[in-house]
Amino acid sequence: MKYLETLPYPVTEIPNCWIPLASGERLAARLWLPQMPANQPVPGVLDFFIYRKSDINVVRDSMTYAYLAGHGYACVKVDCRGTGDSDGIQTDQFSPQYVDDALESLAWVARQSWCSGKVGMMGLSWPGHMCLQVAARRPPELGAIVPMDAADDRYSNKYHGGCLLHYAFSIS
C-alpha cells in the first residue's frame, strides 16, 4: 500500500449546506469539494444517509470523502428526511418518500456549478439499499453506484432463513 503525503487537489469541507426539496422542506448536507478552477466541474458522489452526517461517522467520512475530493470528486453526504439536521419526519426505512428525496438530492448535486452533471452514489447498509432503489428508477444523472452490505430484497433483509433478525423488531 502506498501512503500519500499530499493529495492532487486541496479540499474544502462545508459542514452544512441545505438542499431544498419540492415539498418546501430542506435536507442537510456535508460537502467535500476539490479546489478546482471554476471552468473544471467534477463528477459528484452522493451518500444519502439515515444515520446523521455529524455524529460518530464524521471522522471516518472526513477521511474517506476528503480523499475522494482530493482526487477530483465532489462528495456530498445528506441527512435523509427526519434525521440529523434535516427537516421532516423519519418514516419506514424503505418509504418511497426517501427514494424521491434521494432523486431530488441527486438532481441538486448534478445542477451545481462544481459538478459535471454526472453523480455516483455510494453507501454502507441502509445508504447502500438507497443506491439500489435509486438506480432502479434510472435517473439520468446517475453514473454509477457502490452499494456495500445492501439488500435488494426487504424480506431477506429482515428474515434470514425465515427467522426474524433481532434488529428487525422493537418493543412497543
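The values are calculated or read from the model by the stated rules, or taken from the named source; none is laboratory data. Please read these numbers as outputs of a predicted model, since none were measured by experiment. Every residue, glycine as well, gets a Cβ built from its backbone with ideal geometry; the counts of neighbours run over all protein chains shown. Accessible surface is based on the protein model in full, side chains and every heavy atom, while ligands, DNA and RNA are left aside. Shrake-Rupley method; radii C 1.70, N 1.55, O 1.52, S 1.80 Å.
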>> Sorting check: for 59-67, 112-120, 127-135, 157-165, which peptide has the highest mean count of neighbouring beta carbons within 10 Å, and how do the rest follow?
In response: 127-135, 112-120, 59-67, 157-165
>> Per residue, how big is the convex hull of segment 12-58 when only Cα atoms are used? Give it in Å³.
In response: 105 Å³
>> At 1.4 Å probe size, with the rest of the protein present, what percent of the exposed accessible area of the chain is carbon and sulfur atoms?
In response: 57 percent
> Can you give the percent of C-alpha pairs in segment 63-111 whose distance is more than 16 Å?
Replying inline: 50 percent
>> With every atom except the alpha carbons ignored, what do you get for Rg and Dmax of segment 66-172, in angstroms?
In response: 15.4, 49
>> What are the ³J(HN,Hα) couplings of segment 116-122, residue after residue, when phi is run through the Karplus curve with 6.51, -1.76, 1.60 and θ = phi - 60°? Round to Hz, x for glycine and proline.
In response: 6, x, 10, 9, x, 10, 9
> Helix 126-137 versus the longest principal axis of the chain: what is the Cα-based angle in degrees, 0 to 90, to the nearest 10?
Replying inline: 80 degrees
>> For a quick check: with amide H placed at 1.01 Å from N, whose amide H comes under 5 Å from T12's, ignoring anything fewer than 5 positions away on the same chain?
In response: L33, Q35
> Which of the peptides 43-49, 26-32 is most tightly packed, and how do the rest follow, going by the mean number of other Cβ atoms within 10 Å of each residue?
Replying inline: 43-49, 26-32
> Rounded to a whole number of µm²/s, how large is the Stokes-Einstein D of segment 1-113 at 20 °C and 1.002 mPa s, given Rh as the Kirkwood radius over C-alpha pairs?
Replying inline: 147 µm²/s
>> For a quick check: with amide H placed at 1.01 Å from N, whose amide H comes under 5 Å from A151's, ignoring anything fewer than 5 positions away on the same chain?
In response: H129
> Applying the Karplus parametrisation 6.51 cos²θ - 1.76 cosθ + 1.60 with θ = phi - 60° to the phi angles of segment 81-93, what ³J(HN,Hα) value in whole Hz is obtained for each residue in order, glycine and proline being reported as x?
Replying inline: 3, x, 10, x, 8, 7, 6, x, 10, 6, 10, 3, 4
> Placing +1 at every Lys and Arg Cβ and -1 at every Asp and Glu Cβ, with all other atoms neutral, what dipole size does the chain have around its Cα centre, in debye to the nearest 20?
Replying inline: 240 debye
> Taking the alpha-carbon centroid of each part, what is the distance from segment 126-165 to segment 46-82 in angstrom?
Replying inline: 19 Å
>> Angle check, please: helix 96-111 long axis (alpha carbons) against the longest principal axis of the chain (alpha carbons), in degrees 0 to 90, nearest 10.
In response: 10 degrees
